[in-house]
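Data block below; observations after.
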Amino acid sequence: MVKTVDARGLSCPQPVLMTLDEIKAGTADEIIVMVDSDTSKENVSRAATSKGWTVAGISAQGDVYNITIKKG
């Protein structure tokens, strides 16, 4: 199941906390996190990796980054 976390407009650590909450929920094997700053992009990617998730891809659409992370 794919889940989406919309953390646009939020400053760190909020996007990281929202991502970790979704990981802890355990209902998704893929999560797309939407952020709008380089700092949030890097911090979310690092947090996901530290929890054993893989960053499958990062795409930019204007000012928004879509970070796709996958379990395992």
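Observations on the structure shown:
- Matching residues, region 5-28, being of a type in the set (S, T, N, Q), surrounded by 13 or more Cβ atoms within 10 Å (Cβ to Cβ) and farther than 15 Å from Lys71 by Cβ: Gln14
- Residue pairs whose Cβ atoms lie under 7 Å apart, separated by 6 or more positions or on different chains, with the first residue in region 49-66 and more than 16 Å from Val16 (Cα to Cα) and the second assigned to a strand (DSSP E or B) and not small (Gly, Ala, Ser), are Ala56/Thr68; Ala56/Ile69; Ala56/Lys70; Gly57/Thr68; Ser59/Asn66.
- Among residues that are surrounded by 13 or more Cβ atoms within 10 Å (Cβ to Cβ), without any contact (Cβ under 8 Å) to a residue 24 or more places away in the chain, in contact with a helix residue (DSSP H, G or I) (Cβ under 9 Å, 6 or more places away or on another chain) and not in a loop (DSSP other than H, G, I, E, B), Ile31 is not included.
- If you filter region 1-28 down to residues that are assigned to a loop (DSSP other than H, G, I, E, B) and either out of contact with any helix residue (DSSP H, G or I) (no Cβ under 8 Å at 6 or more places or on another chain) or among the small types (Gly, Ala, Ser) (or both), you find that the one that is farthest from Thr49 (Cα to Cα) is Gly9.
- Across region 43-72, the qualifying residues are those that are farther than 17 Å from Met1 by Cβ, hydrophobic (A, V, I, L, M, F, W, C) and assigned to a helix (DSSP H, G or I), and the one among them that is farthest from the chain's Cα centre (by Cα) is Ala47.
- Among residues that are small (Gly, Ala, Ser) and either in contact (Cβ under 8 Å) with a residue 60 or more places away in the chain or assigned to a strand (DSSP E or B) (or both), Ser40 is not included.
Each reported figure results from applying straightforward, stated rules to the coordinates on display, with no laboratory input. Quick caveat, the model's predicted, so the values are computed rather than measured. Reconstructed Cβ throughout: ideal geometry from the backbone, glycine too, with neighbour counts over all protein chains shown.
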